[in-house]
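Chemist: One structure, pasted below without further comment.
Just so it is clear, none of the values below were taken in a lab; they were calculated from the coordinates. Just so we're clear, the structure is a prediction, and the values are computed from it rather than from any experiment. Every residue, glycine as well, gets a Cβ built from its backbone with ideal geometry; the counts of neighbours run over all protein chains shown.
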Amino acid sequence: MEPYGGPLADLASLITGSRSTIALTGAGMSTESGLPDYRGATGLWRNRRFEQLASLPMWRAQPVEFWAFYAERLRTLARAAPNAGHLALAELERRGLVQLVVTQNVDGLHQAAGSREVFEAHGTLREVECLACGWRGPAATAHAQLDAGAGTPRCIECESILKPAVVLFGEMLPPGFLSVPGRVESCDLLLCCGTSLGVPPVALLPSRALRAGAAVAIVNLGPTSCDAVATLRIEGRTGEVLPALLALLPG
Ligand code: ZN
């Protein structure tokens, strides 16, 4: 007997009947790759909340402590590999069953797993940027300077303090995000994976999809803000549910 029962078969039917499916992913996709979800009660780092650490005011006022936190994140990320959930989503795209991944994750693991159409709503930890001159480059640039003992990595063009190319609290979402709601409204299925749908504006996408007539499916461990309105919901880890889903779908 299939462990996720009827809902998994229903999800397989939704996907095969959908002309356009968008996956919306969050931190739950990557916890199985050993990357902690810093939000919430357990997310303290040196007694600071993630929302305070990962903020533009923190980067400006306390860049050394800011970069101590990000140096640790970069080191953890360097050891992380895509898990079965990332690989299953990439395979769904290869089979023509998923057209786009919109992710709140900044770890690049979807691309590492082979997903090609990925929009990173919160930017990426794989790159760094300079707000002074606009230079942008690989995070290895920061890595090398931090490993050499620098408290803060500096821009190779203008020597200003670099910033990870992630969207910090207090920053605007990337301009490309403006096109995402329209794409969500024109899809047939929004497949939400490993996200509690707690952070706007991404958290507002399911209701936009539903209003436009699309189905919304949720695969998550734990409750989400959209459970009551979702078309279907499967309680479980994405690294287990998505491979099980794949097994039900045409190769
Ligand atoms: Zn610069």
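Chemist: Starting from 0.36 nm per residue, how many nanometres of slack lie between residue 72 and residue 133 once their C-alpha separation is accounted for?
Modeler: Difference between extended and current length: 19.4 nm.
Chemist: Please identify, among 227, 147, 188, the residue showing maximal mean-square fluctuation in a Gaussian network model of the chain using a 10 angstrom Cα cutoff.
Modeler: Largest GNM mean-square fluctuation: 147.
Chemist: For a distance above 23 Å, tell me the whole-number percent of Cα pairs in the chain that qualify.
Modeler: Considering the chain, 51 percent of its Cα-Cα pairs are separated by more than 23 Å.
Chemist: Let's test the formula: R0 of 25 Å, r as the Cβ-Cβ distance of residue 80 and residue 147. What FRET efficiency results, to the nearest 0.05?
Modeler: The computed FRET efficiency comes out at 0.90.
Chemist: I need to check one value: relative contact order of region 132-251, counting alpha carbon pairs closer than 8 Å and at least 6 residues apart, in percent.
Modeler: 16
Chemist: Write out the cysteines belonging to the chain for which the nearest other cysteine Cβ is not under 4.7 Å, or none if no such cysteine exists.
Modeler: 187, 192, 193, 226
Chemist: Can I ask one more? As a test, work out the antiparallel percent of DSSP beta bridges whose residues both lie in the chain, rounded to the nearest 5.
Modeler: 25
Chemist: Quote the relative contact order of region 194-240 in percent (integer), defining contacts as alpha-carbon pairs under 8 Å separated by 6+ residues.
Modeler: After rounding, I find 39 percent.
Chemist: Taking 0.36 nm per residue of sequence separation and subtracting the Cα-Cα distance, how much length would be gained by fully extending the chain between residue 211 and residue 185, in nm to one decimal?
Modeler: Extra length available between residue 211 and residue 185 comes to 8.6 nm.
Chemist: For region 175-205, list residues with backbone N below 12 Å from a point placed 7 Å from the Cα of residue 228 toward its Cβ?
Modeler: Zone members listed by number: none at all.
Chemist: With point charges of +1 on the Cβ of Lys and Arg and -1 on the Cβ of Asp and Glu, referenced to the Cα centre of the chain, which listed residue (92, 31, 62) lies farthest in the positive direction of the dipole?
Modeler: 62
Chemist: Relative contact order (percent) for the chain, with alpha-carbon contacts under 8 angstrom and 6 or more residues of separation?
Modeler: Computed over the chain, the figure is 25 percent.
Chemist: In addition: If one takes the longest principal axis of the Cα atoms in the chain, at what angle in degrees, from 0 to 90 and to the nearest 10, does the Cα axis of helix 63-79 lie?
Modeler: 50
Chemist: Once you charge only the Cβ atoms, +1 for Lys and Arg and -1 for Asp and Glu, what is the size of the charge dipole of the chain about its Cα centre, to the nearest 20 debye?
Modeler: That gives a dipole near 260 debye.
Chemist: Taking the Cα centre of each part, how many Å lie between region 129-176 and region 107-121?
Modeler: 20
Chemist: Next up: Name the residue farthest towards the positive end of the dipole of the chain from the options 214, 152, 109, assuming +1 on Cβ of Lys and Arg, -1 on Cβ of Asp and Glu, about the Cα centre.
Modeler: The residue sitting farthest along the positive end of the dipole is 152.
Chemist: Quick check for me: using +1 on Lys/Arg Cβ and -1 on Asp/Glu Cβ, what's the dipole size of region 47-125 about its Cα centre, in debye to the nearest 20?
Modeler: With Lys and Arg at +1 and Asp and Glu at -1, about 140 debye.
Chemist: Per DSSP H run of n ≥ 4, the term is -39500 (n - 2.57); total these for the chain, divide by its residue number, and report the mean residue ellipticity at 222 nm rounded to 500 deg cm²/dmol.
Modeler: Estimated from H runs of four or more residues: -10000 deg cm²/dmol.
Chemist: What nm value, rounded to one decimal, do you get for the distance between residue 9 and residue 158 when each label is placed 7 Å out toward the C-beta?
Modeler: The two pseudo-label positions are separated by 6.1 nm.
Chemist: Further question on the same structure: Give me the dipole magnitude in Debye, nearest 20, for region 162-240 about the Cα centre, with unit charges on the beta carbon: positive for Lys and Arg, negative for Asp and Glu.
Modeler: So the dipole magnitude of region 162-240 works out to roughly 140 debye.
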